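Colleague: I am attaching a structure below and will ask some questions about it afterwards.
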Amino acid sequence: MEKIFTYLDKLKYGIVLLLAFLVPLSLFPFSQNLIRINIVFVFTFGTIILLVVSFLQFLISKKLILHATSLDVPVIIFICGIFLSYLITSTNKIQAFLDPGFGLMMIASLSIFYFYARQYTKNSLFSSILSLSAFIISSLLIIFSLEPSKTLAIPFPLILFLGFILLYNLGALIHSFSDNDNEQPAKVIQICIFIIISIAFVIGLVGLLCQGVVFPSFSLSFKAALETVKHPLNTLFGVGVDNYSPVFTRIKDIAYNQTSLWAYSQFTDRSTLFHVATTTGLVGLISFLYLLFSLIKKAYFSGDKKMKQNLSIMLGLACIISII
């Protein structure tokens, strides 16, 4: 029985590594059809398998093993905030559940993945898998960019992922030069990966800017958030995950309608904070700010000396905060 339990534990570790490798690759536009939806299904299918394996372990050991961290409560509160908005104010439950950007299925799958992945984040293999995935994406992006006649639509989440890995690897590279015991070939590999990802990040960023701005201005985002104040229920729980587009249609001004984006139906916001406030209300916004504060506190102000010395995590977190 102990061997079976150990095998199942290794299976969970393998699934977590596989998801960490495949999901970033699914961001790459190999095709332009249903790319974001595929991410939702990949995450959901992978997390369901993880839950099934954990249930089998529970049947074998008759014990429920939980590894708690300081971020668990903020994550759970944030999920509850989104669930309340989904339950109370979302009109189309199926659309709100399957929404690829902020839907309940995506958020729940990401949260479940977090609870499993946090056990292995200190493992060097986990970060190596993420770097390998970023390296493959960067190499493909550079190769495809060599063909001027082919325009490749660069998804914004892909740029965000490359920026996070770029800064994460920068911290690891700085740490490797300060570590005298690190082997020289490993440093050369880290430098090569860093250069490739840097080039791909610049190409992706330029490509994203050349596509034109597809986000509303901050003033329109603020107006959309103010729409929730008109009704007490919307103030608390937002307009619903699936209702942002109708709200944006109501607050579009003449200046926006005179641009080339006048017919573009907005499903995302210029700012994550504004989007959370509009779709999930004060409950979702406060829970999101609490999660963000807990993340910053753990990374920068925690008494854990190892965390303070982990420059890679701090730089990666700085990238995420700058985008928010």
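Colleague: How far apart, in nm, are the 7 Å Cα→Cβ label points at ILE77 and PHE144?
Modeller: 4.0 nm
Colleague: Given 0.36 nm per residue, what is the gain on full extension from VAL52 to THR91 after removing their alpha carbon distance, in nm?
Modeller: Full extension of this stretch gives 10.9 nm more.
Colleague: For the cross-link pairs LYS187/LYS298; LYS63/LYS298; LYS10/LYS187; LYS93/LYS252; LYS12/LYS298; LYS93/LYS298, which exceed 32 Å when the distance is taken from alpha carbon to alpha carbon? Please list the in-between numbers first.
Modeller: On the way: LYS187/LYS298 28 Å; LYS63/LYS298 29 Å; LYS10/LYS187 29 Å; LYS93/LYS252 25 Å; LYS12/LYS298 26 Å; LYS93/LYS298 35 Å.
Beyond 32 Å between Cα atoms: LYS93/LYS298.
Throughout, read-outs are computed from the coordinates displayed, never taken from laboratory work. Just so you know, these numbers come straight off a predicted model, no measurement behind them. We place every Cβ from the backbone using ideal geometry, glycine too, and count neighbours over all the protein chains shown.
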